[in-house]
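Q: Below is a structure I'd like to ask you about.
Here, each number is a calculation from the coordinates, and none is a lab measurement. Nothing here was measured: the structure is a model prediction, and the numbers come from that model. Cβ atoms come from the backbone with ideal geometry, glycine included; neighbour counts cover every protein chain shown.
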């Protein structure tokens, strides 16, 4: 792709680094920004810069937050004994949109994937195990996507906490095998949370 401007080329190159954005889409987005009022482009740039510099992670659940303790963890109406284990903040948002879950979350920050060089030590699994050891959790819900990596992560955590005799469940398989939570419709996901099954029972069906 030939560019008439090095500045344009640099902007397109940076934009195309975003997931799912190819060079042509990046060019279209950059040209769109050029057509907008300069103030709008500055607001976008400022919001991204502020996000990167000031965003923090909840000290309890590790979700993205503006404060040391996120709104969900600090809400006294949420059941702190019930914890849903998810991959990232997108899954928290998907489950919250169902309005069917009233517990708290634990965000792993990814899933175990040896092919991608991601091991248990790269995730927030140790702090989850520590919560279980401290007796602050009565039920742990595994809500990872039904992929091989998701199942591997669930099983690894299950083996780590098995000695501590807490209830472990997994969302019902209304979510198709190979699907990610963020793409599930709200009704299906909500039912999967409500009709969760014992984790050990899910192992027998694999």
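Q: So what is the 222 nm mean residue ellipticity for the chain from helices alone, if each DSSP H run of at least 4 adds -39500 (n - 2.57) and you divide by all residues, rounding to the nearest 500 deg cm²/dmol?
A: So the helix-based figure for the chain works out to -12500 deg cm²/dmol.
Q: Could you work out how much longer the chain between residue 5 and residue 28 gets when fully extended? Use 0.36 nm per residue separation minus the Cα distance between them, nm to one decimal.
A: 6.8 nm
Q: Right, next: Quick one: if the Förster radius is 30 Å, what FRET efficiency do residue 78 and residue 55 give, using the C-beta to C-beta distance and rounding to 0.05?
A: 0.85
Q: While we're looking at this one, here's another question. Is the C-alpha gyration tensor of the chain telling us rounded, prolate or oblate? Criteria: a/c under 1.5 is rounded; beyond that, a/b larger than b/c is prolate, otherwise oblate.
A: It comes out prolate by the Cα gyration axes.
Q: Where is the GNM fluctuation largest for the chain (alpha-carbon springs, 10 angstrom cutoff): 192, 47, 65?
A: Looking only at 192, 47, 65, the largest GNM fluctuation is found for 47.
Q: Right, something else. Can you give me the Cα centroid spacing of region 78-113 and region 133-160 in angstrom?
A: Their Cα centres are 12 Å away from one another.
Q: Follow-up. Helix 148-161 versus the longest principal axis of the chain: what angle, 0 to 90°, nearest 10, using Cα atoms?
A: Roughly 40 degrees, rounded to the nearest 10.
Q: Compute the angle between helix 38-54 and the longest alpha-carbon principal axis of the chain, please, reported from 0 to 90 degrees and rounded to the nearest 10.
A: Between the helix axis and the principal axis of the chain, the angle is about 40 degrees.
Q: Taking every DSSP beta bridge with both residues inside the chain, roughly what % is antiparallel (nearest 5)?
A: 30
Q: Can you give the % of DSSP beta bridges in region 1-123 that are antiparallel, to the nearest 5?
A: Just about 40 percent of them are antiparallel.
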